[in-house]
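Taken together, the values in this text are just the output of simple stated rules run on the coordinates, not laboratory data. If you're wondering where the values come from, they're calculated on a predicted model, not measured in any experiment. With ideal geometry, Cβ positions are generated from the backbone for all residues, glycine too; neighbour counts draw on all protein chains shown.
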Amino acid sequence: MSDNPLPEYPRPQLVRDSYLNLNGRWEYAIRDYAPETYDGEILVPYSPEAPLSGVNRQLLPGETLWYRRRFDLPDDFADGRVILHFGAVDQTCRVWVNDDEVGGHTGGYLPFSFDVTDALRPSENVLVVAVRDDTGNGSRGKQRLRRGGIWYTAQSGIWQTVWTERVPEVHVERLTLTPLLGDSCVEVTVHAPTGEAHVEISAGGEAVARVTVPAERPVRVPLPEVRAWSPEDPFLYDVAVSLGADRVRSYFGMRSFSVGPDADGVPRLLLNGRPYFHAGVLDQGYWPDGLYTPPSDEAMIHDIATMKRLGFTMLRKHIKIEPLRWYHHCDRLGMLVWQDMVNGGEPYRPWVITTPAFLPFVRMDDRRHRRFGRADAAGRTAFEAETRATIEHLRNVVSLAVWVPFNEGWGQFDAARIAAEVARLDPTRTVDHASGWHDQRAGDLRSLHVYFRRFRPPRPDGRVLVLSEYGGYSLRVEGHVRGEKEFGYRRYRTADALGEAFARLHEEQIIPAVARGLSATVYTQVSDVEDEINGLLTYDRAVLKLPEDLVRSITERLRFA
């Protein structure tokens, strides 16, 4: 592994030329206090639990992980302000530059930044980060200190790119680019303290629109001969914005997501106003060498491109928020995304969480917070704040089609109210309010998980019917497994047996259901993860367990006539 991991620009939808990547070898120590000496080196942005970090040590609750790195700024950083960015740090951190505390952050999945200009020296700057990962009622995804089954190795600390950029005193803080396909225009909002921004939009290298946009004011920009974005034609428009001395680049795609009836009156997911079947795969986003952090940009591309080559049109990003480059690759390669919010709350009560898997008629009112492990009001408030922040963080992602606030009752509460709030914050996408079970009859989708019984489409209830998890058929491929334990929903001993079962499942249950209202599927899953060996790919991504032609023969039929 290079000493310069993940060197690519980390924020593809707001690009500046002034950029310094701080990934690489840092010092680290695990102490209750600020250390005078450090224990060794860690390769950032890999968590200490990840093999690529070089540490291979689990940070435990109550412990503090300290990082230190020295750096010099490029000569062209001399003017303006310097912003220090962290892609994600799990879970709570404090940050010092040259012994000045510049800020802190809580929450392991979202980016944050600080203006560190006043703390900098001309050279030999020292950056120190202290991290605790006690989690508690906070967001945790599928991490567990005792891994097993569907729960994976816990990770902590810095796990996305650390970087700095120089900006003018007055600069673009963010952009909001909202495609309005039906009106053949894009709504542009330049978020800045003051001023007017000049915006140029290009298609295929040729300018198609130029406009002046006052700061913080949405302006609709008409586009000639609009070319719509879709998985089959993932066309992207380029955007250049200048505000005073500041210059940024971005992009958008012209598409719309909604629900509506097909020619027979059946509720369907619509892409660009037409019924479009979402043939998806569950994507955990774990790696054997990097855990939460992909080993390279190429590794992210490989997963997306492989699923697309197999004929899938959607990935459900499961209980995790990826680096922005992952979404960028979905945008440009043409892969729809369903985005889960990250779960939290108290330890889950098995009788609440697992009973509906075997007794699908069981449904509980999630306003009874204690039953769902959500009695703590502060934890509920934090989840809602992170939900709002996630929507803003990913608002411009072209491929993001569906928000999924809750999964299988994990930390679920007030799902009907939360779904309404998500729809209010982002009316341009659809909402799967409770994926799997404990349906509160809300949101746009009737969302089912079926693993241990035959799938039979239920009676229509006015919402779009989706099978948001199914399959999970497992095959152990020797030489490509993590350990001796095995988890899967149905186990097969040979690739031929797995292929026959995969084909039979779809031929007998899934494909016939499309005509009876089924509008999306999410097969479990992209790859094996640790003890869970039900991926289409092995954990190391070296082996595709099913013949490509077989999978494509199925996915080609998961579509509307």
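The table below gives the values:
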read-out: Cα-only Debye scattering, region 1-53: base-10 log of I(q)/I(0) at q = 0.24 Å⁻¹; value: -0.94
read-out: Estimated [θ] at 222 nm from DSSP helical runs (n ≥ 4, -39500 (n - 2.57)) normalised by residues in the chain, nearest 500; value: -4000 deg cm²/dmol
read-out: Axial C-alpha extent at least 24 Å, average Kyte-Doolittle at least -1.0 - helices from the chain (DSSP); value: 377-394
read-out: Where Rh is the Kirkwood radius over Cα pairs, Rg/Rh for region 271-419; value: 1.00
read-out: Relative contact order [Cα under 8 Å, 6+ residues apart], region 347-424, whole percent; value: 40 percent
read-out: Calculated FRET efficiency for the pair ARG453/ALA375, C-beta based, R₀ 22 Å, to 0.05; value: 0.10
read-out: Backbone N within region 391-412 under 17 Å of label point (7 Å from PHE560 Cα along the Cβ vector); value: 401-402
read-out: Residues in region 124-168 that a label on ALA385 would reach, taking backbone N under 14 Å of a point 7 Å out along Cα→Cβ; value: 137-139
read-out: Percentage relative contact order, region 45-105, counting C-alpha pairs under 8 Å, at least six apart; value: 14 percent
read-out: Region 77-145 versus region 16-39: alpha-carbon centroid distance in Å; value: 10 Å
read-out: Rh (Kirkwood; distinct C-alpha pairs) - region 174-244, Å; value: 12.6 Å
read-out: Contour excess over end-to-end distance, with Cα ends at ASN56 and ASP183 and 0.36 nm allotted per residue; value: 40.4 nm
read-out: Sequence of ASP39, ASP17 once ranked by neighbouring C-beta atoms within 10 Å, starting from the fewest; value: ASP17, ASP39
read-out: Magnitude of the charge dipole, the chain, Cβ model with Lys/Arg +1 and Asp/Glu -1, debye to 20; value: 2400 debye
read-out: Surrounding net charge for GLY204, when Lys and Arg each add one and Asp and Glu each subtract one, Cβ distance under 13 Å; value: -3
read-out: Radius 14 Å from Cβ of HIS369, net charge of other residues (Lys, Arg +1; Asp, Glu -1); value: +2
read-out: Calculated FRET value between GLU206 and ALA245, using beta carbons and R₀ = 35 Å, to 0.05; value: 0.85
read-out: Taking only Cα atoms of the chain, radius of gyration then Dmax in Å; value: 23.6, 72
read-out: Antiparallel bridges, percent of DSSP beta bridges restricted to the chain (to nearest 5); value: 70 percent
read-out: Residue exposure sequence - GLU507, GLU530 - by fewest surrounding Cβ within 10 Å; value: GLU507, GLU530
read-out: Cα-based equivalent ellipsoid, region 480-561: semi-axes from gyration tensor eigenvalues, Å; value: 26, 13, 12
read-out: Compactness of region 20-167, expressed as Rg and Dmax over alpha-carbon positions, Å; value: 15.4, 53
read-out: Radius ratio Rg over Rh of region 314-399, counting only Cα atoms, Kirkwood formula for Rh; value: 1.06
read-out: Quotient of C-alpha Rg and 2.2 N^0.38 Å, computed over region 396-436; value: 1.15
read-out: For the chain: relative contact order, % (alpha-carbon pairs under 8 angstrom, 6 or more apart); value: 12 percent
read-out: Partner lysines for LYS142 [C-alpha distance under 17 Å; skip if fewer than 8 residues away on the same chain]; value: LYS317, LYS320
read-out: Against the rule of thumb 2.2 N^0.38 Å, how large the Cα Rg of region 257-555 comes out; value: 0.96
read-out: R0 of 25 Å, Cβ-Cβ distance ARG227-ALA420: FRET efficiency to nearest 0.05; value: 0.15
read-out: Dipole magnitude of region 20-167, debye to nearest 20 (Cβ charges: Lys/Arg +1, Asp/Glu -1, about Cα centre); value: 840 debye
read-out: Taking the convex hull of Cα positions in region 436-534, its mean projected area over all directions (nm²); value: 7.0 nm²
read-out: Segment GLU173-TYR19, extension gain: residue separation times 0.36 nm, minus the distance between their alpha carbons; value: 53.9 nm
read-out: Cα-based Rg of region 397-466 normalised by 2.2 N^0.38 Å, two decimals; value: 1.11
